[in-house]
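What follows is a single structure, written as structure tokens, with notes after it.
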Amino acid sequence: MKDTLFVNIGRIVGILPQGAGRLCGKEMDRVQTLDNAWLMVRDGKIDSFGPMDSLGEIPSGIVMDDLKGKMLLPAFCDAHTHIVYAGDRQREFVDKINGLSYEEIAKRGGGILNSADLLHNTSEDELFAQASERLEEMISKGTLTMEIKSGYGLRTEDELKMLRVIKRLKKNYPVTIKSTFLGAHAVGREYTGRQDEYVDLVCNEMIPAVASENLADFVDVFCDEGFFTVEQTDRILRAGMQYGMRPKIHANELAVSGGVQVGVKYNAVSVDHLERTTDVEMEVLRNSDTMPLMLPGASFFLGMPYGRAKDYVRAGLPVALASDCNPGSSPSCDMRFVMALGCIKMRLTPEESFNACTINAAAAMGCADVVGSITVGKKAAFIVTKKVMELGFIPYFHHTPFIDKVIA
Ligand code: NIG
Ligand code: FE
């Protein structure tokens with residue numbers, strides 16, 4: 001991006017001071033704004049901003065962009081996605097409509113294993129083409145920082161194929177991408193009934209192979225009923241950490257799994273899902289740096305309970321929200337819809353929901369110092385809206401187009 005001076009910004013939304021990190025409890029209900037402003041971007045970063053009447057002489061050689069009274073926000077951050085997958089699972093969608101549960105579909109060999117079969121038969125180039133289309137949709141919807149997982153390979157070569165696709169996405173798009181190795185998303189077909197041997201494969205073969213190509217920032221495990229136990233999760237997280245991958249896990253989606261505890265034990269950057277939690281998990285998270293991350297799109301799509309986001313905020317904890325975009329439990333990457341579900345279903349205020357989708361989501365990827373707010377020194381990654389509006393209009397009119405353009 002060329003050095004640019006944005007002028008006549010009707011309102012800047014989501015300003016935070018330098019050094020501010022994640023927001024907790026009551027802090028989440030505040031979103032700072034500045035009306036009638038300018039903002040300067042230099043070297044792809046926010047250099048300075050202020051009220052229009054403070055704008056001094058305009059340096060030569062700078063691109064001017066007159067926003068004509070529109071509103072500028074930090075782009076959404078999506079801290080949990082599975083957008084690299086092959087084909088779709090539309091037939092299971094119909095199975096679900098006809099009454100089968102997510103667990104029933106998984107048990108009869110559908111679900112994640114179905115996606116693994118499809119992925120196995122898809123070339124890396126084709127997979128890249130399909131994932132690119134999804135990433136472009138995310139960008140058009142205002143998400144410019146995202147985490148993307150492997151986990152539909154379940155064989156060493158196929159896991160590497162997915163992670164190489166993520167690496168190519170990083171190279172080809174002007175967005176910030178964090179990659180996560182999720183070999184323990186399900187037990188690969190060849191290992192049916194031999195789950196511990198599959199865990200050995202993940203620890204002894206997959207993780208070293210992934211690390212040797214430097215393909216993953218985080219290591220993830222689906223620690224839940226019918227998937228991986230706490231003991232297996234413990235082993236896999238430790239193996240990943242030995243190779244420099246920080247934990248970031250799936251927990252408490254299907255049952256109170258113990259996943260939160262094992263995540264916090266290893267200082268996970270976030271523990272994700274949390275549809276089923278008790279006060280015990282909340283207390284475990286309270287004294288940690290681990291971000292509780294909830295995925296209301298999965299609750300919506302699978303008809304599960306929503307995470308107790310409001311209770312977390314009331315208890316003084318931080319909360320982040322993400323799309324979980326994937327073909328089985330949340331086939332939408334729309335963070336504005338996630339923000340709306342945060343308000344409508346989780347009773348977060350628009351401010352709390354917005355912070356959960358920006359600064360706290362950035363913290364759930366370990367990059368709250370780089371993105372997630374309008375702060376001097378952070379990356380220029382913005383949404384420009386069609387006009388100035390109250391923040392609440394974004395989740396309230398939740399399907400009316402509101403983005404004029406995104407600036408990456
Ligand atoms: O986050 N819960 C586990 N993994 C995904 C679903 C993956 C799938 O069904 O393809 C999730 O919901
Ligand atoms: Fe997920």
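Among the candidates ALA298, ALA209, single out the residue that is within 19 Å of SER150 (Cα to Cα) and crowded, with 24+ Cβ neighbours inside 10 Å.
Going through ALA298, ALA209 in turn, the sole match is ALA298.
How many residues does the range 250-287 hold that are under 15 Å from VAL313 (Cα atoms) and assigned to a loop (DSSP other than H, G, I, E, B)?
4
LEU144: within 16 Å of ligand 2 (Cβ to nearest atom) and in contact (Cβ under 8 Å) with a residue 24 or more places away in the chain, yes or no?
no
Within the range 289-304, can one find any residue that is assigned to a loop (DSSP other than H, G, I, E, B) and more than 26 Å from ILE83 (Cβ to Cβ)?
yes
Sort out which residues of the range 238-280 are charged (D, E, K, R) and crowded, with 24+ Cβ neighbours inside 10 Å, and write them in order of number.
Across the range 238-280, the qualifying residues are LYS248, GLU253, ASP272.
Do we have LYS178 as open to solvent by 10 Å² or more (accessible area, probe 1.4 Å), within 16 Å of ligand 2 (Cβ to nearest atom) and not aromatic (Phe, Trp, Tyr) here?
Spelling it out, LYS178 is indeed open to solvent by 10 Å² or more (accessible area, probe 1.4 Å), within 16 Å of ligand 2 (Cβ to nearest atom) and not aromatic (Phe, Trp, Tyr).
One residue is enough: does the range 54-71 have a residue meeting the conditions within 16 Å of ligand 1 (Cβ to nearest atom) and among the β-branched types (Val, Ile, Thr)?
no
One line per residue, one yes/no per condition, for (1) within 16 Å of ligand 1 (Cβ to nearest atom); (2) in contact (Cβ under 8 Å) with a residue 40 or more places away in the chain; (3) touching a Cys at 6+ places or on another chain (Cβ under 7 Å); (4) assigned by TED's automatic domain parsing to the domain that holds TYR102:
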position	(1), (2), (3), (4)
LEU160	no, yes, no, yes
ASP196	no, no, no, yes
VAL202	yes, no, no, yes
ARG235	no, no, yes, yes
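Could you list, in sequence order, the residues of the range 31-47 that are open to solvent by less than 50 Å² (accessible area, probe 1.4 Å) and either aromatic (Phe, Trp, Tyr) or on the phi < 0 side of the Ramachandran plot (or both)?
The answer is VAL31, LEU34, ALA37, TRP38, LEU39, MET40, VAL41, ILE46.
So which residues in the range 182-206 are buried (at least 20 other Cβ atoms within 10 Å of the Cβ), within 22 Å of GLY328 (Cα to Cα) and over 23 Å from the mean Cα position of the chain (by Cα), if there are any at all?
Residues satisfying the conditions are VAL187, GLY188.
Please return the ranges of helices (runs of 4 or more DSSP H) entirely within the range 313-387 where 2 or more residues are within 16 Å of ligand 1 (Cβ to nearest atom) and of a type outside the set (Asp, Glu).
335-344
Being open to solvent by 40 Å² or more (accessible area, probe 1.4 Å), assigned to a helix (DSSP H, G or I) and aliphatic (A, V, I, L, M) is the filter here, so list the residues in the range 87-116 that pass it.
Answer for the range 87-116, where residues must be open to solvent by 40 Å² or more (accessible area, probe 1.4 Å), assigned to a helix (DSSP H, G or I) and aliphatic (A, V, I, L, M): VAL94, ILE97.
When both residues are 6+ apart or on different chains and their Cβ atoms are under 6 Å apart, which pairs have a first residue that lies in the range 284-305 and is over 12 Å from SER323 (Cβ atoms) and more than 15 Å from ligand 2 (Cβ to nearest atom), and a second that is of a type outside the set (Gly, Ala, Ser) and open to solvent by 20 Å² or more (accessible area, probe 1.4 Å)?
VAL284/GLN261; VAL284/VAL264; SER288/VAL264; THR290/VAL264
Here are the criteria: (1) modelled with pLDDT of 95 or more; (2) within 13 Å of ligand 1 (Cβ to nearest atom). Tell me which single one CYS77 does not satisfy.
Among (1) modelled with pLDDT of 95 or more; (2) within 13 Å of ligand 1 (Cβ to nearest atom), CYS77 violates only (2).
Only one of GLY50, GLY25, GLY19 is touching a Phe, Trp or Tyr at 6+ places or on another chain (Cβ under 9 Å), within 30 Å of LEU285 (Cα to Cα), among the small types (Gly, Ala, Ser) and not assigned by TED's automatic domain parsing to the domain that holds SER132. Can you tell me which?
GLY25
Just give me the residues in the range 212-224 being in contact (Cβ under 8 Å) with a residue 40 or more places away in the chain and open to solvent by 30 Å² or more (accessible area, probe 1.4 Å), in sequence order.
GLU213, ASP217
Sort out which residues of the range 388-408 are outside any loop (DSSP other than H, G, I, E, B) and under 16 Å from MET339 (Cα atoms), and write them in order of number.
Once the filter is applied, which keeps residues that are outside any loop (DSSP other than H, G, I, E, B) and under 16 Å from MET339 (Cα atoms), the range 388-408 yields PHE393, ILE394, PRO395, TYR396, ILE403.
With the condition kept exactly as written, say whether any residue in the range 226-237 is of a type outside the set (S, T, N, Q), open to solvent by 50 Å² or more (accessible area, probe 1.4 Å) and within 28 Å of ALA362 (Cβ to Cβ).
No, the conditions are met nowhere in the range 226-237.
The values are calculated or read from the model by the stated rules, or taken from the named source; none is laboratory data. As the structure is a computational prediction, the values presented were derived from the model and not from experiment. Because the Cβ atoms are built from the backbone with ideal geometry, glycine has one as well, and the counts that use them run over all protein chains shown. Only protein heavy atoms, including side chains, enter the accessible area calculation; ligands, DNA and RNA are left aside. Shrake-Rupley method; radii C 1.70, N 1.55, O 1.52, S 1.80 Å.
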